[in-house]
Amino acid sequence: METTPDGRRIPPPQADERAMLEAWLDFHRDTLALKCAGLDDRRLRLASVAPSSMSLLGLVQHMAIVERNWFQRVFAGQDMPPLSEAGDKDGFTLAPDRGIDEALALWRAEIDRSREATAAASLDDTGKLSGREAEYLGGQVSLRWILVHMIEEYARHNGHADLIRESIDGTTGP
């Protein structure tokens, strides 16, 4: 598979649906990691612009929660404990003693669990929604829907990461 100059794997222009969806999701996962690369903990904690407190470290924490929610809780039906502190359901709040190494390790472990939860599944297999999600989406979503949603979630937050990174050290790009 070809790669971009920064080392990310380029999703294949010709592939079956499953391979295409998984390749695009991995591309966006790699993009988030790239946006954090080369920065020290202090700069990874810098907020974007007031009044937002969103930071690159917070985005990594948030995406670990999102991975766990959609692949383990919704799709696999597992009863998983929360990854964030009480009162921080989205993961954006930064703990003084949790740095990027710990956050990246947790996020990557959640990605591994996501892959394990879906490895043998069909794109048409479904997961069960509960609470607020079920109110507006109904009771179930397919793995296909979850993969598309995760691509969208990462792409949206990678746009945030682009702006945050540029404000930190001027680095721009894909």
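The values are calculated or read from the model by the stated rules, or taken from the named source; none is laboratory data. Every value quoted in this text rests on a predicted model; they were computed, and no experiment measured them. Counting neighbours? That spans all protein chains shown, and the Cβs are built from the backbone with ideal geometry, glycine included. Please note that ligands, DNA and RNA were not included when accessible areas were found on the heavy atoms of the full protein model with its side chains. Shrake-Rupley method; radii C 1.70, N 1.55, O 1.52, S 1.80 Å.
Below are the figures for this structure:
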{"item": "In the stretch 1-46, the residues that are open to solvent by less than 70 Å² (accessible area, probe 1.4 Å), hydrophobic (A, V, I, L, M, F, W, C) and in contact (Cβ under 8 Å) with a residue 24 or more places away in the chain", "result": "Leu21, Leu25, Leu32, Ala33, Leu34, Cys36, Leu39, Leu44, Leu46"}
{"item": "Any hit, the stretch 147-158, residues being among the polar types (S, T, N, Q), part of a loop (DSSP other than H, G, I, E, B) and touching a Ser or Thr at 6+ places or on another chain (Cβ under 9 Å)", "result": "no"}
{"item": "First in the stretch 109-134 and acidic (Asp, Glu), second anywhere and open to solvent by less than 80 Å² (accessible area, probe 1.4 Å) and in a helix (DSSP H, G or I), Cβ under 6 Å, 6 or more apart", "result": "Glu110/Ala64; Glu110/Glu67; Glu110/Arg68; Asp125/Leu143"}
{"item": "Tally of residues being more than 19 Å from Leu25 (Cα to Cα), under 16 Å from the mean Cα position of the chain (by Cα) and not small (Gly, Ala, Ser) across the stretch 35-85", "result": "4"}
{"item": "Number of the condition not met by Ser130 [criteria: (1) farther than 14 Å from Arg68 by Cα; (2) polar (S, T, N, Q); (3) open to solvent by less than 30 Å² (accessible area, probe 1.4 Å)]", "result": "(3)"}
{"item": "Qualifying positions in the stretch 100-120 - under 18 Å from Leu39 (Cα atoms) and either open to solvent by less than 20 Å² (accessible area, probe 1.4 Å) or touching a Lys or Arg at 6+ places or on another chain (Cβ under 8 Å) (or both)", "result": "Ala103, Trp107"}
